[in-house]
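Each remark here refers to the structure printed beneath this line.
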Amino acid sequence: MNEKAPPLVGVLAVQGAFSKHCQKLKRLGIPSIAVRTSGALRRIDALILPGGESTTMTRLLRTSGLYNAVQQFARSKPTLGTCAGCILLSAATTGTADVEPMGIIDITVQRNAYGSQLDSFITELDWNNRKTEAVFIRAPKIIDVGPDVAVLIRYNGDPVLVRQGPAIACSFHPELSPAADIHELFVNSIIKQ
């Protein structure tokens with residue numbers, strides 16, 4: 001019997017908490033690599049854009065020449081954006097002119113809307129008839145959702161986990177919670193491609 005190899009997931013490694021995503025994927029038995037070049041993008045089946053600082057990530061993607069390659073990848077292959085990655089995947093942002101959203105998911109995002117570093121918090125969210133822990137650190141708020149965007153989880157009425165086509169974005173940091181349910185959702189979406 002020929003068993004299909006697991007997908008290879010790339011984690012953008014220009015800035016942010018990329019190593020925590022790699023650890024979470026390893027726990028699920030999914031191989032991953034750090035993506036720092038466009039050559040690495042050609043090797044992978046899916047991509048994670050981690051949290052970090054969105055203006056810094058935009059600048060580093062531009063100066064490294066990776067911005068257009070990552071944008072092209074995310075237009076057609078499974079991509080997960082967490083926190084700053086959510087901002088990058090959005091169609092529009094408020095709060096700064098220094099972030100260049102890629103227009104992958106039809107959402108408008110307000111940077112740092114849940115407060116400063118000191119306002120960071122952990123909460124439980126209702127999802128699929130169970131609770132999942134969510135870590136919010138200088139988190140963006142999704143303030144507008146286009147008609148083709150599915151809202152998967154809300155917090156206080158606001159979308160915090162959304163999906164459009166092969167792209168998923170969340171306002172929080174699933175790599176920092178003990179559960180792996182958001183990563184499992186992403187891996188399942190890759191396998192179904």
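Please state which of the following conditions Ser90 fails to meet, knowing it meets all the rest: (1) modelled with pLDDT under 95; (2) touching a Pro at 6+ places or on another chain (Cβ under 9 Å); (3) over 21 Å from Cys22 (Cα atoms); (4) hydroxyl-bearing (Ser, Thr, Tyr).
Only one criterion in (1) modelled with pLDDT under 95; (2) touching a Pro at 6+ places or on another chain (Cβ under 9 Å); (3) over 21 Å from Cys22 (Cα atoms); (4) hydroxyl-bearing (Ser, Thr, Tyr) is unmet by Ser90, namely (1).
If you go through segment 26-69 one residue at a time, how many are touching a strand residue (DSSP E or B) at 6+ places or on another chain (Cβ under 7 Å) and of a type in the set (A, V, I, L, M, F, W, C)?
Residues meeting the conditions: 11.
What pairs come out if I take residues in segment 164-193 that are farther than 16 Å from Leu28 by Cβ and pair them with residues that are among the polar types (S, T, N, Q) and part of a helix (DSSP H, G or I) whose C-beta lies under 8 Å away, six or more apart or interchain?
Pro166/Ser76; Pro166/Ser189
Restricting to segment 110-121, what's the tally of residues that are at pLDDT below 90 and either in contact with a His (Cβ under 9 Å, 6 or more places away or on another chain) or part of a strand (DSSP E or B) (or both)?
Number of matching residues: 1.
Being among the charged types (D, E, K, R), closer than 19 Å to Gln193 by Cβ and touching a residue at least 40 places away in the same chain (Cβ under 8 Å) is the filter here; which residues of segment 1-56 pass it?
Asp45
Quick one: would you say Ile107 is part of a strand (DSSP E or B) and in contact with a Phe, Trp or Tyr (Cβ under 6 Å, 6 or more places away or on another chain)?
Answer is no for this residue.
What pairs can you find where one residue is in segment 65-80 and crowded, with 18+ Cβ neighbours inside 10 Å, the other is aromatic (Phe, Trp, Tyr), and their Cβ atoms are less than 8 Å apart, with a gap of 6+ or different chains?
Pro78/Phe186; Thr79/Phe73; Leu80/Phe186
If you go through segment 146-159, how many residues are within 21 Å of His173 (Cβ to Cβ) and either in contact with a Phe, Trp or Tyr (Cβ under 6 Å, 6 or more places away or on another chain) or not aliphatic (A, V, I, L, M) (or both)?
Qualifying residue count, segment 146-159: 7.
The values are calculated or read from the model by the stated rules, or taken from the named source; none is laboratory data. Remember, predicted model here, so these are calculated numbers, not experimental data. All Cβ positions, even for glycine, are placed from backbone atoms using ideal geometry, and neighbour counts span all protein chains on display.
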